[in-house]
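**Q** Dumping the structure here so I can ask a few things about it.
The values are calculated or read from the model by the stated rules, or taken from the named source; none is laboratory data. All figures in this text were calculated on a predicted structure; none of them were measured in a lab. Glycine also receives a Cβ, built like all others from the backbone with ideal geometry; neighbour counts cover every protein chain displayed. The area values use the complete protein model at the heavy-atom level, side chains included, leaving out ligands, DNA and RNA. Shrake-Rupley method; radii C 1.70, N 1.55, O 1.52, S 1.80 Å.
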Amino acid sequence: MKKLSLLLLILGCAFGVYAQTAPCCHTDAITEFAGLASREDFRMAHQDPLPYTYQGTAGTNVTFKTPDGTAAHGFLFKAQKPSNKYLLVFHEWYGLNDYVKKESEKLYNDLGGTVNVLAVDLYDQKVATNREEASKMMQSVPRERLKAVMEGARDYAGKPAHIATLGWCFGGGIALQSALINGSQNVGCVMYYGMPEKDVETLKKLHGPVLGLFANKDKGITPQIVDEFEKDMKKAGKTLTVKRYDADHAFANPSNPIYNSEATKDAYTHALSFLKTQFK
């Protein structure tokens, strides 16, 4: 059934079913990342999130339409004044939990409240509390649904919007795929140790620069994969800045109870500076 769904998605892209989308979402990178979830060493690299309840009041739950007819969900921090600037935030494999809401609020505040920050729910209101649940959820979410949610988030921002994307882990790869879907509206992408797009022809369709934040000890998104990403982006004629840290995968995940604080702080400094520059 999964193979049939993937085939239908590919055929739909090939024959222009999703006419509003510039390039077709390239599912190989997503599928490859999902395959990592079957590896015990990759699952064990993720610590189960500690219990946490979001206490902020600035954000609000929102729903938005998608091309497949099923509403999607998110958590929105609305700019203090009307703004066509949007940051789409994509959660790691646990889902849109309270840690991600907290991190989205931090980004919103540090961007001066001038950017609409939308934390996008890729799991349709399902949240995993441990790595085994997260692994199953990430592998089972239909790829065509992910694409529909990404398109819906873009359309929610609106055609005049200037859109940047950011994500961690699973969401890091989705952030790049979303940047591709956003076409000329895309102004930049921040990937925290996400699976890169490996098709050079697809990367040629990318608008805006990419900031990649990767871990040298990562056994999933290995330094070799990052090396190839740099080469592919160069072949595609695109701008990529890579920062590498002597850390493990998920070092900056907002739900990781043993994150690398030094690497996280430095990576966030670069991410914030990048976003401020792209939103000027």
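**Q** At q = 0.09, 0.12, 0.16, 0.17 Å⁻¹, work out log10 I(q)/I(0) for the range 116-249 with the Debye formula, treating every Cα as an identical point scatterer and leaving solvent out; two decimals please.
**A** Each listed q maps to, in turn, -0.26, -0.47, -0.84, -0.95.
**Q** Antiparallel versus total DSSP beta bridges in the range 47-166: what percent is that, nearest 5?
**A** If I count the DSSP bridges inside the range 47-166, around 50 percent turn out antiparallel.
**Q** How about the range 191-280: which chymotrypsin sites (Phe, Trp or Tyr not before Pro) there are in a DSSP loop, with at most 15 other Cβ atoms within 10 Å of their Cβ? Walk me through the numbers on the way to the answer.
**A** Numbers: sites: 192, 193, 214, 229, 245, 251, 259, 268, 274, 279; in loops: 193, 251, 259, 279.
Taking the range 191-280 and a limit of 15 other Cβ atoms within 10 Å, no loop chymotrypsin sites (Phe, Trp or Tyr not before Pro) are found.
**Q** On average, how much accessible surface per residue is there in the chain, in Å², for a 1.4 Å probe, leaving out ligands, DNA and RNA?
**A** Numbers: 12470 Å² over 280 residues.
For the chain, the per-residue accessible area is 45 Å².
**Q** Taking R0 as 30 Å, what FRET efficiency do you get between residue 227 and residue 31 from their Cβ-Cβ distance, rounded to the nearest 0.05?
**A** According to the calculation, E is roughly 0.90.
**Q** Which of the lysines could a cross-linker bridge to residue 238, judged by Cα under 25 Å and excluding same-chain residues fewer than eight apart?
**A** 85, 147, 159, 198, 204, 205, 276, 280
**Q** What is the chain's relative contact order, in percent, from Cα pairs under 8 angstrom and six or more apart in sequence?
**A** 20 percent
**Q** Ok, one more. Tell me the carbon and sulfur percent of the accessible area for the chain, rounded to whole percent, probe radius 1.4 Å.
**A** Summing carbon and sulfur atoms, their accessible area is 52 percent of the total for the chain.
**Q** Hydropathy at least 1.0 by Kyte-Doolittle, axial extent at least 24 angstrom from the Cα trace: which helices of the chain, defined as entire DSSP H runs, fit?
**A** Helix filter hits for the chain: none.
**Q** Relative to the present Cα-Cα distance, how much length would full extension add between residue 50 and residue 204 at 0.36 nm per residue of separation?
**A** 51.4 nm
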